[in-house]
Amino acid sequence: MFMRGLKRKCFDGEEDIEGTLAGIKAIPSYNLQRQSLLDMSLVKLQLCHMLVEPNLCRSVLIANTVRQIQEEMTQDGTWQMINMQNTGQASVDRLVSTDILCRSSREQAEGKHVPGYSTFSKDFEGDQAQDSSETMSTASSVQALRNLQSNVWEMENSQENKGNFQKSLDQIFETLENKSPNSVEDLFSEVDNSYYDLDTMLTGMMSNTKMGHCDGLEPFPSPTTTTSSSNCKSDLNELDHIVEILVES
Amino acid sequence: MPDCAVILLDFTSQADIISTVEFNHTGELLATGDKGGRVVIFQREPESKNEPYSQGEYNVYSTFQSHEPEFDYLKSLEIEEKINKIKWLPQQNAAHSLLSTNDKTIKLWKITERDKRPEGYNLKDEEGKLKDLSTVTSLQVPVLKPMDLMVEVTPRRIFANGHTYHVNSISVNSDCETYMSADDLRINLWHLAITDRSFNIVDIKPANMEDLTEVITASEFHPHHCNLFVYSSSKGSLRLCDMRASALCDKHSKLYEEPEDPSNRSFFSEIISSVSDVKFSHSGRYMLTRDYLTVKVWDLNMETKPVETYQVHDYLRSKLCSLYENDCIFDKFECAWNGSDSVIMTGAYNNFFRMFDRNTKRDVTLEASRESSKPRAILKPRRVCVGGKRRKDDISVDSLDFTKKILHTAWHPTENIIAIAATNNLYIFQDKVNSEMH
């Protein structure tokens, strides 16, 4: 349904075919990157269930970021459903007001092209013709469309989604208080695994921008291995400590 | 502001990552804490007229194990032995005292010197064994004889079980009787002599943990007013509290918050606004805060915005997503005032640290690394280029090493001597120019 809506927008909106193609790429690109940020944040929240108590400040900041994204997605989702008829221009304007600025306003004004790692703002900063600013290759655009469909599903079920996210966040905070590995799996079951393919895209973007030796730059482990390994690790350590207690007594 | 700096002391390599650095009130002693729970204290050698170059070098004075790793059986979690903060108590007698804390427990340590030993006991022999009484024919008075200096460190108090969450700050009150410890959600007031109870003076834990959106990131007592303290939050606000107002200081006396710049808004705005450190000026009139990209000077009398803002590494603003991914965006940098409150200092990445002169508005970037720092060498100012013209020796943003971060720095209370912790190395720099000229 969304695809048809897009086509309609193509004809209603931009007259330039190239522009519409870029338009299709621009808007999902923002959603895509926002989605990947959301996934990254959820993974981060899960990964912090290690042996040592997680850093509460970090968890709170990530959770707030997740909430922010979720709120915006809900707004956008609702808004896009209502405003199917709107021209591409209007949608760009609306998105600009909530765009993710990863660069200083000075750079924005100068229209600098950030190599490799692209910023969300750049994608739809009116530069529809500047396909070079797109980080997505044609191969991944297919993936983008697939993800877009999933996005639609999310938008249609935005209310349910909101509930899911809220539940996720609640679970996260509960587990921060009482560490229970089981809820970690529950959390992962809510996240659509197809999005993790974006990791390669993200890390691909990362390698374009040399960030120096960054130990943190590794592809995300798949959710199941993370939980199972952390479960095993915690089990083993618990076992060690139980043995310790027994030996001491 | 020091134009150039000379290394006073050849850096010391420690096995573990240094997690805190603190000069005592005279600057004679410098304490460092590390990830392994150890504290190393350096002492400044008195200046010798014979060797003017070796004026006041810092040498190891004492090393001791402050905290050990523990295990919380209730939560099945390890408690790290990493020393989060060290604070010196004002010296009241021949002994020195300091507070050291890990995530959960604060300890008071007493450091004493022994350089004399009594000899000539009547009942004990040289080794301490009891003498055969029949061999004792006359009485003698034991005499104090000099011996090699021995530094003894003893734990005098252990303040345990006061915190559910991780302690991020401790601060000794100007009354020299009390101190406070702050964790993510609560701040406790302790009496230095009483370990079995503390007063909770701030509690921001919501009734429902699901509603938690803000945590305490740092706190400090006012240097002169024993009733005032400040605490910073993860949302970038500062709260000044007066303990005379009520027992529980949940309601602030003043709230310092800068409105968000709408043109710079992003999903990372809140994270980069989180205050990682807050320090009162020596005068007590200003506060210095560090967030991810800036250091700000606040006037206690103005709550609406800081009086000065300095960009530490604004070139990172376009890299926030990557820095979020590799967790660098959560790095907590500290900040410091110089003795006269005219220069402020903070660390950055690539072993760079920055100094800002509040009067001349000049700033400098210096590097703390083995390659660029030979003893007695003058540090060369560094520059990060963001594209455009690149000068020789400039570093491009993309070549910065984000694993080399300078989180902990300290400035001597009166002189232009700074201590920089670069991962597991400690660097001590001194101003080349005679400090009398400043």
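The values are calculated or read from the model by the stated rules, or taken from the named source; none is laboratory data. Note that the coordinates shown come from a computational prediction; the quantities given were computed from them, not determined experimentally. Positions of Cβ are backbone-derived with ideal geometry, glycine not excepted, and every protein chain shown enters the neighbour counts. Ligands, DNA and RNA are stripped out before the accessible areas are found, and what is left, the full protein with its side chains, is counted by its heavy atoms. Shrake-Rupley method; radii C 1.70, N 1.55, O 1.52, S 1.80 Å.
Brief remarks on what is shown
- Measuring nothing but protein heavy atoms, the accessible surface of segment B:187-289 at 1.4 Å probe radius is 51 percent carbon and sulfur.
- Excluding exposed DSSP-loop chymotrypsin sites (Phe, Trp or Tyr not before Pro) (at most 15 other C-beta within 10 Å), longest clean stretch of chain B: B:122-438
- Model label sites at residue B:248 and residue B:340, defined 7 Å from Cα along the beta-carbon direction, differ in position by 4.7 nm.
- Contact residues in segment B:264-309 (at least 30 Å² less accessible area with all protein chains than alone, 1.4 Å probe): B:264, B:265, B:266, B:267, B:268, B:270, B:271.
- The distance between label points at residue B:143 and residue B:389 comes to 7.6 nm (points 7 Å beyond Cα on the Cα→Cβ vector).
- Using a simple spin-label model with pseudo-atoms 7 Å out from Cα toward Cβ, residue B:224 and residue B:369 lie 4.3 nm apart.
- Global geometry of segment B:124-243, whether rounded, prolate or oblate, following the gyration tensor of its Cα atoms and the 1.5 cut on a/c: prolate
- With 24 Å as the limit, the listed pairs B:35/B:296; B:35/B:87; B:332/B:404 have B:35/B:296 beyond it between alpha carbons.
- Per residue, segment B:313-438 exposes an accessible area of 39 Å² to a 1.4 Å probe, with every protein chain left in place.
- Considering only alpha-carbon pairs that sit under 8 angstrom and 6 or more positions apart, the relative contact order computed for chain B is 15 percent.
- The simple Förster model, with R0 at 25 Å and r as the Cβ-Cβ distance, assigns residue B:125 and residue B:93 a FRET efficiency of 0.15.
- Taking a ≥ b ≥ c as the square roots of the eigenvalues of the alpha-carbon gyration tensor, segment B:384-435 is classed oblate because a/c is 1.5 or more while a/b is no larger than b/c.
- A/B buried area, accessible surface, summed, 1.4 Å probe, Å²: 4900
- Cleavage-rule hits (trypsin sites (Lys or Arg not before Pro)) in segment B:292-374: DSSP loop, at most 15 neighbouring Cβ within 10 angstrom: B:361, B:362, B:370
- Proximal charge balance of residue B:115 [Cβ under 15 Å; K/R count +1, D/E count -1]: 0
- Burial of 30 Å² or greater, segment B:61-77 residues [accessible area, probe 1.4 Å, versus chain by itself]: B:71, B:73, B:75, B:76, B:77
- Residues of segment B:194-218 whose accessible area, computed with a 1.4 Å probe over protein heavy atoms, drops by at least 20 Å² once all protein chains are present relative to their chain alone are B:209, B:210, B:212, B:213, B:215.
- Separation of segment B:237-264 and segment B:350-397, taken as the distance between their Cα centroids, equals 35 angstrom.
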